[in-house]
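> Have a look at the structure that comes next, please.
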There are 2 protein chains.
Amino acid sequence: MSECVFESLENTLETYIPDAELGEIKRILYGNELRKLTLPQTALDAALEKDFVLQGYVFEAAPEQLRAPRVVRVGLIQNKIILPTDAPVLDQIIALHKRVGEIVEVAAICGVNIVCFQEAWTMPFAFCTREREPWTEFAESAEDGFTTHFCQKLAKKYNMVIVSPILERDEIHGGTLWNTAVVVSNTGTVLGKSRKNHIPRVGDFNESTYYMEGNTDHRVFQTQFGKIAVNICYGRHHPLNWLMYSMHGAEIIFNPSATVGALSEPLWSIEARNAAIANHCFTCAINRVGMEYFKNEFTSGDGKKAHHDFGYFYGSSYVAAPDGSRSPGLSRTQDGLLIAELDLNLNQQSADKWNFKMTGRYELYAKELAQAVQHDFKPNIVKE
Amino acid sequence: MSECVFESLENTLETYIPDAELGEIKRILYGNELRKLTLPQTALDAALEKDFVLQGYVFEAAPEQLRAPRVVRVGLIQNKIILPTDAPVLDQIIALHKRVGEIVEVAAICGVNIVCFQEAWTMPFAFCTREREPWTEFAESAEDGFTTHFCQKLAKKYNMVIVSPILERDEIHGGTLWNTAVVVSNTGTVLGKSRKNHIPRVGDFNESTYYMEGNTDHRVFQTQFGKIAVNICYGRHHPLNWLMYSMHGAEIIFNPSATVGALSEPLWSIEARNAAIANHCFTCAINRVGMEYFKNEFTSGDGKKAHHDFGYFYGSSYVAAPDGSRSPGLSRTQDGLLIAELDLNLNQQSADKWNFKMTGRYELYAKELAQAVQHDFKPNIVKE
């Protein structure tokens with residue numbers, strides 16, 4: 001069974017483990033059991049027709065006396081690219097608009113309030129090639145680009161907040177590129193943008209060939225459905241990045257990503273989930289699917305022969321909750337829409353139970369961290 | 001199948017999943033496959049006779065030109081208490097010394113260089129009772145106590161570093177109590193001590209009834225076998241705590257714990273492993289095993305009736321590596337010794353690959369964190 005055809009961990013567990021033990025296995029691996037969300041038949045039919053996986057789960061909170069449940073439905077979309085990577089740039093973008101648009105339509109039928117697309121969703125993840133052309137032509141204005149206009153129309157039509165991670169060209173600052181998530185309000189207004197804070201230099205990707213560390217700090221977007229933040233891709237490896245979004249009040253942190261099996265798959269289920277637990281918030285990890293082939297061969301700095309792809313994007317998008325529970329992962333091989341109904345009251349309930357913020361001793365760490373970054377820092381090492 | 005008799009996740013997976021898929025399941029759940037450590041027959045026989053589980057795994061690093069492999073064997077010991085909790089205090093301590101001593105002897109046969117015991121290993125985890133007597137009588141001097149003397153003898157005899165987490169009474173500071181790990185060098189000298197930095201107020205445990213947040217910062221102990229640190233129990237929920245031990249140079253961070261199924265089991269496999277990944281170091285998570293019954297009933301602030309225990313300690317001790325791989329967990333139900341042979345060169349190799357320290361932007365976070373703890377902190381919230 002090769003890495004890329006293996007459909008999902010969850011399918012295998014469900015197929016082979018007897019019910020008597022499956023409950024314990026799931027409790028240990030996934031935490032509190034989630035109710036499946038009942039989805040409209042029209043949505044299920046449409047997903048089948050359009051050939052993508054549709055799954056929905058409910059994260060419940062306990063009833064409170066003074067606060068009503070704060071229920072929001074989020075949608076996570078994972079997808080393959082549509083056209084070959086050497087098709088004309090605009091054709092590729094339009095094909096992706098069409099595909100993601102039809103998935104968003106199903107999300108709307110399911111009552112999704114906030115949807116998030118995968119990292120750099122309008123293009124192949126071509127940064128392994130180190131070529132400038134044609135990839136930089138996929139870059140657009142965050143505020144006024146073709147893709148943002150597309151999202152604004154969808155947002156308004158469906159009354160849905162859209163998180164749209166794109167390659168941004170910032171014309172008013174020298175035309176530099178950024179890896180940026182545009183947040184479009186359900187009114188159709190561009191609420192703002194959030195740039196990728198940590199830039200990988202790992203495996204095939206030194207993305208700083210194209211764009212540098214983001215300068216939008218850890219802003220949080222107040223939407224009608226809750227306070228959200230966007231931690232793009234490699235930022236999920238940095239616990240401080242998650243922490244700081246949470247410190248600024250994020251209730252849901254999206255992590256649109258593009259990552260391949262050989263490199264990161266054993267890490268995938270750990271990092272966003274740890275962040276949800278540690279920060280008493282929801283996290284939504286989204287990864288693209290499939291192989292992407294590039295016309296010109298390239299090397300990977302690993303002593304191996306030049307090649308035309310850099311591995312298999314394993315999908316497996318999931319939602320993690322502050323109480324340690326998580327949804328199953330979406331398919332490793334198919335396009336998909338994962339819907340999670342979240343009661344945001346669970347954040348405060350988890351915080352009141354576990355008290356990580358209260359017991360966090362952040363003053364101490366602010367001081368220690370400031371010392372640790374000094375050039376003449378002397379580690380505290382006890383010797384015999 | 002009830003929570004406490006379920007033997008282990010790994011047993012169930014191995015029993016039911018066909019080989020063709022088991023490889024993928026293990027890759028996703030456990031990362032790179034580990035070689036099993038070949039253990040001496042005398043050790044295996046002794047473990048069988050003494051009725052504890054003995055397992056060993058090897059974490060390998062790539063060969064380097066200028067550095068020889070830096071191989072160290074660590075031992076993680078998990079165990080039940082021996083006598084009833086109302087037996088005389090000294091009898092309870094001596095019984096635990098005897099039990100752990102015989103496991104250490106097997107560790108010595110297996111060539112273990114550094115061994116770590118579970119949190120407050122000389123006593124039942126009685127802090128749920130909120131009673132002072134007799135539990136405070138289990139407290140000892142870190143430098144000159146009965147248990148430290150016991151560890152010094154073992155350390156010298158077996159040329160083994162011993163991490164001994166105890167309830168400490170600090171006579172020179174008003175006789176206050178602390179939750180403290182004593183680090184005994186393989187020479188038999190007390191190298192120093194490290195106190196629990198984060199104190200839980202969760203579920204049955206407000207441990208600040210007995211002891212407060214530690215004041216030993218994030219010291220690291222230079223042993224003959226590598227630089228080690230001790231992050232006691234609840235500190236595993238705090239990513240900054242792990243980070244700071246790593247900043248001070250820890251190559252292996254031990255996490256002696258005492259935690260029960262209903263509360264934390266879905267979190268157990270996530271947190272220490274995330275710390276190993278995020279900080280390019282090894283982490284060793286140790287949890288005790290079994291039920292502990294107390295003579296006087298107590299309530300848990302959860303509306304339920306008074307009871308005599310607070311749940312099932314699920315063992316499942318494991319080692320996590322900086323490359324995202326981890327060992328299987330030890331038994332959920334039996335005493336055990338987990339041995340891991342670590343090549344510490346894997347730390348720098350993982351760091352050079354993933355570069356989380358290099359890309360960590362710690363200056364930014366030191367500044368942001370210092371702002372975030374101010375009373376008049378204004379979260380960065382973007383509104384429409």
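> Using the 7 Å Cα-to-Cβ label point, sort the distances from residue B:156 to its equivalents in the other copies shortest first and give them in nm to one decimal.
Label point to label point, same position, other copies: 8.3 nm.
> Starting from the Cα of residue B:295, draw a straight line to each of the lysines and keep only those under 20 Å, dropping any in the same chain fewer than 8 residues away.
B:80, B:304, B:305
> Could you list which residues have their amide H under 5 Å from that of residue B:54, counting only those 5 or more apart in sequence or on another chain, with H placed in the peptide plane?
Amide H to amide H, under 5 Å and 5 or more residues apart or across chains, residue B:54 pairs with B:337.
> Here's something else I'd like to know. From the label point of residue A:45, set 7 Å along Cα to the beta carbon, how far off in nm is each other copy's matching point, shortest first?
Label-point separations across copies, in nm and ascending: 7.3.
> With N set to the residue count of the range B:1-146, report its C-alpha Rg divided by 2.2 N^0.38 Å to two decimal places. Write down the numbers at each step before the final one.
Working: Rg = 19.7 Å, N = 146, 2.2 N^0.38 = 14.6 Å.
Taking N as the residue count of the range B:1-146, the ratio is 1.35.
> A further question on this structure: Please report the antiparallel percentage of DSSP beta bridges with both residues in the protein assembly as shown, rounded to the nearest 5.
60 percent
> Using the Cα centre of the range A:125-231 as the reference point, and only Cβ charges (+1 on K/R, -1 on D/E), how large is the resulting charge dipole? Debye, rounded to the nearest 20. Can you show the working numbers first?
Working: 12 positive and 13 negative charges, 101 e Å.
Roughly 480 debye for the range A:125-231.
> Roughly how crowded by other chains is peptide A:269-281, in terms of the mean Cβ count from those chains within 10 Å of each of its Cβ atoms?
Values: counts 5, 13, 6, 1, 6, 11, 3, 1, 8, 9, 1, 0, 0.
If you average over the peptide's residues, the count of other-chain Cβ atoms is 5.
> Whole-Hz Karplus ³J(HN,Hα) for the range A:95-111, in order, using 6.51 cos²θ - 1.76 cosθ + 1.60 and θ = phi - 60°, x for Gly and Pro?
With coefficients 6.51, -1.76 and 1.60, one gets 5, 6, 4, 4, 5, 5, x, 6, 6, 4, 4, 5, 4, 5, 4, 8, x Hz.
> Where the centroid of each part is defined by its Cα atoms, how far is the range A:79-123 from the range B:206-272 in Å?
Measuring centre to centre over Cα atoms gives 43 Å.
> In chain B, if the dipole is taken from +1 on Lys/Arg beta carbons and -1 on Asp/Glu beta carbons about the Cα centre, which of B:184, B:303, B:154 is farthest to the positive end?
Value: B:184.
> Sorted by mean Cβ packing within 10 Å, highest first, what order do the peptides A:117-128, A:133-144, B:370-381, A:182-193 take? Walk me through the intermediate numbers first.
Details: A:117-128: 24.7, A:133-144: 17.2, B:370-381: 12.7, A:182-193: 21.0.
Highest to lowest by the protection proxy: A:117-128, A:182-193, A:133-144, B:370-381.
> Next question. Amide H neighbours of residue B:176 under 5 Å, at least 5 residues apart or on other chains, H built in the peptide plane: list them.
B:170
> At 7 angstrom along the Cα-to-beta-carbon line, where would the label on residue A:22 sit relative to the other copies? Give the distances in nm, shortest first.
Nearest to farthest, the other copies are at 2.0 nm.
> Tally Lys/Arg at +1 and Asp/Glu at -1 over every other residue whose Cβ is under 10 Å from the Cβ of residue B:331; what's the total? Write out the running numbers ahead of the final one.
Details: positive: B:332; negative: B:7, B:10, B:335.
That sum, taken over residues with Cβ under 10 Å, equals -2.
> Can you tell me the dipole magnitude for the protein assembly as shown around its Cα centre, using point charges on the Cβ only (Lys, Arg +1; Asp, Glu -1), in Debye to the nearest 20? Don't skip to the end; give the middle numbers.
Values: 74 positive and 94 negative charges, 241 e Å.
Dipole size: approximately 1160 debye.
> Let me ask another. What share of the DSSP beta bridges in chain A is antiparallel, in percent to the nearest 5?
Details: 37 of 60 bridges.
Counting only bridges with both partners in chain A, antiparallel ones make up about 60 percent.
> Also: Each residue of the range A:113-120 in turn: what ³J(HN,Hα) in whole Hz from Karplus with 6.51, -1.76, 1.60 and θ = phi - 60°, glycine and Pro shown as x?
Computed from phi, the couplings for the range A:113-120 are 9, 9, 10, 10, 8, 6, 4, 6 Hz.
> Would you work out which of B:40, B:18, B:30 lies farthest towards the positive end of the dipole of the range B:10-50, given +1 charges on the beta-carbon of Lys and Arg and -1 on that of Asp and Glu, about the Cα centre?
In the range B:10-50, that residue is B:40.
> Another question about this same structure. Of B:331, B:175, B:96, which is farthest along the charge dipole of chain B in the positive direction, counting Lys and Arg as +1 and Asp and Glu as -1 at C-beta?
Sorting the options by dipole projection puts first B:175.
> Jot down the radius of gyration and Dmax of the range B:192-289, Cα atoms only, both in angstrom.
13.1, 39
> Where does the protein assembly as shown land at 222 nm, in deg cm²/dmol rounded to the nearest 500, when only DSSP H runs of n ≥ 4 count, each adding -39500 (n - 2.57), divided by all residues? All intermediate terms of the calculation are to be shown ahead of the outcome.
On the way: 18 runs with 226 residues, N = 768.
Computed ellipticity for the protein assembly as shown at 222 nm equals -9000 deg cm²/dmol.
> Bin width 10 Å, origin at 0, all Cα-Cα pairs of the protein assembly as shown: what percent of pairs per bin?
3, 14, 25, 26, 19, 10, 4, 1, 0
> When Lys and Arg each count +1 and Asp and Glu each count -1, what net charge do the other residues less than 12 Å away from residue A:356, Cβ to Cβ, add up to? Working shown, then result.
Values: positive: A:353, A:357, A:361, B:201, B:236; negative: A:352, B:271.
Charge balance in the 12 Å sphere: +3.
> Give me, ordered by chain and number, the residues 5 or more places off residue A:141 or on other chains with an amide H under 5 Å from its own placed amide H.
Counting only residues 5 or more places away or on other chains, the set is A:146, A:169.
> Express in whole angstrom the spacing between the alpha-carbon centres of the range A:280-319 and the range A:50-75.
Answer, in whole Å: 30.
> With the convex hull built on the Cα atoms of the range B:2-45, state its orientation-averaged projected area in nm². Intermediate values should be presented prior to the final figure.
On the way: hull surface 19.1 nm².
Reported value for the Cα convex hull: 4.8 nm².
> Relative to the Cα centre, what is the charge dipole magnitude of chain B, using +1 at the beta carbon of each Lys and Arg, -1 at the beta carbon of each Asp and Glu, and rounding to the nearest 20 debye? Please report the intermediate quantities before stating the final value.
Details: 37 positive and 47 negative charges, 162 e Å.
For this selection, approximately 780 debye.
> Same structure again: For chain A, just list the percent of Cα-Cα distances falling in each 20 Å bin from zero outward, please.
Per 20 Å bin, starting at zero, the Cα-Cα P(r) for chain A comes out as 28, 58, 14, 0 percent.
> Go through the range A:370-377 residue by residue and turn each phi into a ³J(HN,Hα) via Karplus (6.51, -1.76, 1.60, θ = phi - 60°); whole Hz please, and just put x for glycine and proline.
In residue order, the calculated couplings are 4, 6, 5, 8, 5, 4, 9, 3 Hz.
> Could you check what % of the DSSP bridge pairs in the range A:252-384 are antiparallel, to the nearest 5?
Numbers: 8 of 14 bridges.
Within the range A:252-384, antiparallel bridges account for around 55 percent of the total.
> Taking the alpha-carbon distance from residue A:157 and a cut-off under 23 Å, which lysines remain once sequence neighbours fewer than 8 residues away in the same chain are dropped?
A:50, A:98, A:193, A:227, B:383
> On full extension of the chain, what length is gained from residue B:374 through residue B:98, given 0.36 nm per residue of separation minus the C-alpha to C-alpha distance?
Numbers: separation 276, 0.36 × 276 = 99.36 nm, distance 5.06 nm.
Extending this stretch completely gives an extra 94.3 nm.
> Rounded to a whole number, what is D in µm²/s for the range B:62-126 from Stokes-Einstein with the Kirkwood radius over alpha-carbon pairs (10 °C, 1.306 mPa s)?
Details: Rh = 13.8 Å.
Rounded to a whole number, D works out at 115 µm²/s.
> Based on alpha-carbon positions alone, could you give the equivalent ellipsoid semi-axes of the range B:238-384 from the gyration tensor, as √(5λ), descending, whole Å? Please list the in-between numbers first.
On the way: eigenvalues 221, 139, 26 Å².
Taking √(5λ) for each eigenvalue gives 33, 26, 11 Å, largest first.
Quick note: the coordinates plus some simple rules give every number you see, no bench work behind them. From a predicted model like this one, the values you see are computed outputs, not experimental measurements. No Cβ is skipped: glycine too gets one built from the backbone with ideal geometry, and neighbour counts run over all protein chains shown.
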